[in-house]
Amino acid sequence: MKHKVLLCLLLVLCVGLAQGQNVDTSHQGITAAAITAPLPDTFWIKGLIIIKGKNEKGRNSYKIYSDTAYARARLKKNLHTRWFVFDIGFNNYIDRSEYNGASYIAYYPNTTSFYNGAQPTSKTYNYSAAGLATFAPREGSEPLTPAEFKLITGKSINFNIWLFEQRLNITKHKLNLLYALGLEMNNFRYARNITYQPGYATRIIRDTIEFSKNKLFAEYISIPVMLNFNSNPARPNRAFQASFGVSGGYLIKSRTKQISEERGKVRKTDDFNLNKWRFGLTSELGYGPVKLYGNFALTPLHDYGLQQYPFSIGLRLNGF
């Protein structure tokens, strides 16, 4: 119901602009009681009072006031809830994988031939029943390199939907506890022609064909918990806000999608050796309704083999 009302407000303003009216938002504030007689062209919408009138040229004109009584009433509530908060941003990761040294063997498709059956002493990776890691091999005799996992950042989209977000007052509404529940959807768009091969254990190979699209998708159900600072609780549209905390999530879906002339469109659904649990740091920074968010995982993307730590940054939309 709330979003329908907001949509109606947007339509009213758009129609008014199309008719050449003026919209005046310069007024600091007014209480609903200050309007002695309700007018048919007066609207109240969540702390806003909109009065329709005529300008000097006889065209429709809208004046928008802040309802200060509404703002004061909100300050009496210790718990505030927003529904359907959206994030849109970009993914990347910090690669701390050991491509050389003791873990060098973990990237060969058949390491027993290189070590004459000897077992490695490094405990950096988990090994298969044969005693050697088969994760992230490359066709041929050379191991994979960091360049194999390069991402196209502009196409590695992060999209999150927070079903609800609640802010609990701690001290004078300036210091709050902020928490939410939602879905984090991460797309990792690869620039190189690597292919995830499902199975036990998961393998990643350098493919022989050129992909026009090659991505890994991972979706988590997540709960962030943050401490929030609000500089001006009485006027949230003029307030500076900063939040910092932690976030935990669980992997609920993962798949790959590849498009090429030779194979067409190919989708594979599997866990692809991705870490089931995700724990990291989360933050947001904003002024008024404009907010930026940032997430950094403290757990690697993959369960074993690769040590890639994802992060995402982007724009947060307030919701309803």
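The values are calculated or read from the model by the stated rules, or taken from the named source; none is laboratory data. Since the structure is predicted, the reported quantities are computational estimates derived from the model, not experimental observations. Cβ atoms come from the backbone with ideal geometry, glycine included; neighbour counts cover every protein chain shown. Only protein heavy atoms, including side chains, enter the accessible area calculation; ligands, DNA and RNA are left aside. Shrake-Rupley method; radii C 1.70, N 1.55, O 1.52, S 1.80 Å.
Step through the residues of the range 158-164 one at a time and calculate ³J(HN,Hα) from phi using the Karplus curve (6.51 cos²θ - 1.76 cosθ + 1.60, θ = phi - 60°), rounding each to whole Hz and writing x for Gly and Pro.
Coupling constants for the range 158-164: 10, 10, 10, 10, 9, 4, 8 Hz.
Tell me, what is the per residue accessible area of the range 180-318 in Å², probe radius 1.4 Å?
About 46 Å² of surface per residue is accessible.
According to the square roots a ≥ b ≥ c of the eigenvalues of the Cα gyration tensor, what is the shape class of the range 205-287, taking rounded for a/c under 1.5, prolate for a/b larger than b/c otherwise, and oblate for the remainder?
Prolate.
Run the count for the range 158-296, please: Lys pairs, Cα-Cα under 15 angstrom, 8 or more apart or on different chains.
Final tally of qualifying lysine pairs is 11.
Across the range 85-95, in residue order, what do the Karplus-derived ³J(HN,Hα) couplings come to in whole Hz, using 6.51 cos²θ - 1.76 cosθ + 1.60 with θ = phi - 60° and x for Gly and Pro?
Values per residue, Gly and Pro as x: 8, 10, 10, 9, x, 10, 9, 7, 8, 9, 9 Hz.
If a paramagnetic tag sat 7 Å from the Cα of Leu163 along the Cα-Cβ line, which residues of the range 230-250 would have the backbone N under 20 Å from that point?
Only 247-250 fall inside the zone, counting backbone N under 20 Å.
Quick check on packing: order 194-206, 166-178 by the mean number of other C-beta atoms within 10 Å, highest mean leading.
Top to bottom by mean Cβ count within 10 Å: 194-206, 166-178.
Which ³J(HN,Hα) values in Hz, rounded to whole numbers, follow from the phi angles of the range 198-214 under the Karplus curve 6.51 cos²θ - 1.76 cosθ + 1.60, where θ = phi - 60° and Gly and Pro get x?
x, x, 10, 8, 4, 10, 10, 10, 7, 7, 9, 10, 9, 9, 7, 9, 8
Can you list residues whose amide H is under 5 Å from Ile170's amide H, if they're 5+ apart or on another chain and H is modeled 1.01 Å from N?
Long-range HN contacts for Ile170: Leu175, Asn176, Leu177.
Along the charge dipole of the range 171-320, Cβ charges K/R +1 and D/E -1, which of Leu292, Tyr196, Pro236 sits furthest on the positive end?
Pro236
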